[in-house]
Structure formats: structure tokens, C-alpha cells
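Trainee: This structure is in C-alpha cells; I'll ask about it shortly.
Just so you know, all these numbers are worked out from the coordinates, no wet-lab data involved. Predicted, not measured: the structure shown is a model, and the values here were computed from it. As a convention, Cβ positions derive from the backbone with ideal geometry for all residues, glycine included, and neighbour counts pool all protein chains shown.
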């Protein structure tokens, strides 16, 4: 039997909230694969920079810049 919110400890409430958020995010975005980051400690600065570049998202040609979005938002 699940306790009511008033009967929960702070940690129990946090766990319920975290599970609800995880469930919603999974429904919206799917499941993400997390890579093992143990190798990062041994990477050189150049290797880290190359890894970041490899995973960087590039907007499609003709996409609005962040400045254009800010101006639109300011003007609306």
C-alpha cells in the first residue's frame, strides 16, 4: 500500500517525483543510451575537443539564428 504524500518522508517524496519526471521524459524523448565516461579522465584536451565536435548539432541551412529568435521574441 502506498503512503499518502503527508505520510511520506522527504526522500520518499523526492523518489516519487523523480520517477514521475523520468517517466514523462521517456514518453516524450525515448530512452537515451549513456556512454561509459571512465575513458574521459585519460583523454587529452585535443581528444575531448574532437569528441565534442563529433557530437555537436549543426542547424540546417537557412535556419534562424539565436539572435533572430531573440529579436522575434522581443518584438512580439
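Trainee: What is the fewest-to-most order of 28, 43 by other Cβ atoms lying within 10 Å of their Cβ?
Mentor: 28, 43
Trainee: As a test of understanding, state the convex hull volume per residue of the chain from its alpha carbons, in Å³.
Mentor: Per residue, the Cα convex hull of the chain comes to 258 Å³.
Trainee: I would also like to ask the following. Going 7 Å from the Cα of residue 33 in the Cα-to-Cβ direction, what parts of the stretch 43-58 have a backbone nitrogen less than 19 Å from that spot?
Mentor: Within reach of a label on residue 33, which here means backbone N under 19 Å from a point 7 Å along Cα→Cβ, the stretch 43-58 contributes 51-57.
Trainee: Then there's this: Once the Cβ-Cβ distance between residue 42 and residue 20 is put in as r, and R0 is 30 Å, what FRET efficiency do you end up with, to the nearest 0.05?
Mentor: Computed FRET efficiency for residue 42 and residue 20: 0.20.
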